[in-house]
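A quick write-up on the structure given underneath.
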Amino acid sequence: MNRYTKIIYWSDDDRKFLVEVPELPGCMADGATPEEALKNSEVIITEWLETSELLGREVPYSNSKLMYA
């Protein structure tokens, strides 16, 4: 599991749970359940990190002690 902070909330507009990763700009995932959204966020975090490395961008280090909010 990635050590980045994940904020989980319900979106009435999307009718899904959303997960935001504040340390990784634009990194979000969704799912029908909180568990599914978290699982999907792991895939998106990995893809975000891989893409940043390929583009030569700095990869933010997670300095948060909070895993979920």
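The values are calculated or read from the model by the stated rules, or taken from the named source; none is laboratory data. Model, not experiment: these values are computed from the prediction. As a convention, Cβ positions derive from the backbone with ideal geometry for all residues, glycine included, and neighbour counts pool all protein chains shown. Accessible surface is based on the protein model in full, side chains and every heavy atom, while ligands, DNA and RNA are left aside. Shrake-Rupley method; radii C 1.70, N 1.55, O 1.52, S 1.80 Å.
Points to keep in mind about this one:
- Of the accessible area of the chain, computed with a 1.4 Å probe over protein heavy atoms only, carbon and sulfur atoms account for 53 percent.
- Residues whose amide H falls under 5 Å from that of CYS27, counting only those 5 or more places apart or on a different chain, are VAL21, with hydrogens built in the peptide plane.
- Estimated inter-spin distance, VAL59 and ARG15, nm [label 7 Å along Cα→Cβ]: 3.8
- Placing +1 on the Cβ of every Lys and Arg and -1 on the Cβ of every Asp and Glu, with no other charges, gives the chain a dipole of roughly 240 debye about its Cα centre.
- Rounded to the nearest Hz, the phi-derived 3J(HN,Hα) couplings of segment 12-28 under the Karplus curve 6.51 cos²θ - 1.76 cosθ + 1.60 (θ = phi - 60°) are 5, 5, 8, 6, 8, 7, 10, 10, 10, 10, x, 6, 10, x, x, 8, 9, where x marks glycine and proline.
- Degrees between helix 34-54 axis and first principal axis of the chain (Cα, 0 to 90, nearest 10): 20
- Rounded to the nearest 500, the helix-only mean residue ellipticity at 222 nm of the chain stands at -10500 deg cm²/dmol, with each DSSP H run of n ≥ 4 adding -39,500 (n - 2.57).
- Sequence-distant contacts, meaning Cα pairs under 8 Å at least 6 residues apart, place the relative contact order of the chain at 33 percent.
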